[in-house]
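Down below is the structure, laid out as structure tokens.
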Amino acid sequence: MARRKQIYEGKAKILFEGPEPGTLIQYFKDDATAFNNQKHEVLEGKGVLNNRISEYIFQGIERIGIPTHFIRRLNMREQVVRQVEIIPLEVVVRNVAAGTMVKRLGLKEGDALPRPVVEFYLKDDKLGDPLVTEDHITAFAWANPQEMDDIVSMTLRINDFLSGLFAAVGIRLVDFKLEFGRQYEGDLMRIILADEISPDSCRLWDMETNYILDKDRFRKDLGGLTDAYREVATRLGILKENEKLDTKGPVLVSSNEEK
Ligand code: TMP
Ligand code: ASP
């Protein structure tokens, strides 16, 4: 196979040139990072599980009529996605108090919020992804007001859809993070959902026991991260009980090749 050109390498994924114009290949790494890369570990199998979970969730979101970058899964670690211009925001939705919201506002972890709360963080590692307001976003033209309306309405629909999807398998969707991008087709532009939705980007608690089934297992040194992700995939029906996954998938020889 011809060597593919690498377009971008992030902390948990790599983007390569795609098979058709306007497409990219999204490769899921096993790397886990937290606290802006201060903590880093390679957890074998994480990328394979996130590829499958994100595929399943994006297909469900497409089915309810929200456009996404997902086209098809290529193999255990890779999917073909539409190329977009990423809007430099992390859009976080919270249903239950946890994480930075607990620290910032002095809430009690685990308390249900009066209604879902949407927050925006500027994607800028040097600044540590600061919380920003819609006024910052439109004033600095990271996104315009019409784009923000689209983003917020899609985000709330995705929250309703995912809350139900997870509740049906005994999992509480505490909070999660979305990224959106602009897709250009001739003179037309539309906002579509991009990036991934996986236990790396969500807080997922077992409804009965509050057992943590997401990346907080790594952030808080709880261990058992890939078993928890496997549990999420199994409950969603993506993996069969005791199904063995070839968690290695294609392995990168060097992720810096042709950078
Ligand atoms: P937070 O409580 O740390 O602000 O995180 C809120 C949600 O966003 C949580 O589900 C984890 C997710 N998240 C990411 O996906 N990437 C990030 O870089 C951070 C900080 C949070
Ligand atoms: N992914 C982010 C980082 O490395 C933060 C996080 O998810 O906690 O640093």
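So the values come out like this:
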quantity	calculated
Length-normalised contact order of the chain in % [C-alpha pairs under 8 Å, at least 6 apart]	20
For the chain, the longest site-free run once GluC sites (Glu not before Pro) in DSSP loop states with at most 16 other Cβ atoms within 10 Å are removed	110-207
For segment 16-151, diffusion coefficient by Stokes-Einstein and Kirkwood Rh (Cα), 4 °C, 1.567 mPa s, µm²/s	74
Among the listed pairs Lys29/Lys177; Lys13/Lys123; Lys11/Lys123; Lys13/Lys220; Lys11/Lys126, those beyond 20 Å (Cα-Cα)	Lys13/Lys220
Under 5 Å, built H, 5+ apart or other chain: amide partners of Leu89	Lys123, Phe180
Square roots of five times the Cα gyration tensor eigenvalues for the chain, Å	26, 25, 18
Projected area, mean over directions - segment 1-83, Cα convex hull, nm²	6.3
Lys126-Thr23 pseudo-label distance in nm [points 7 Å out on the Cα-to-Cβ vector]	3.6
Helix-derived mean residue ellipticity, 222 nm - over the chain, DSSP H n ≥ 4, -39500 (n - 2.57), to 500	-8000 deg cm²/dmol
Estimated inter-spin distance, Lys220 and Leu245, nm [label 7 Å along Cα→Cβ]	2.2
Modelled FRET efficiency - R0 25 Å, Tyr211 with Ile64, Cβ distances, 0.05 increments	0.30
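Every number in this text was worked out from the coordinates using simple rules, so none of it is lab data. Remember, predicted model here, so these are calculated numbers, not experimental data. Because the Cβ atoms are built from the backbone with ideal geometry, glycine has one as well, and the counts that use them run over all protein chains shown.
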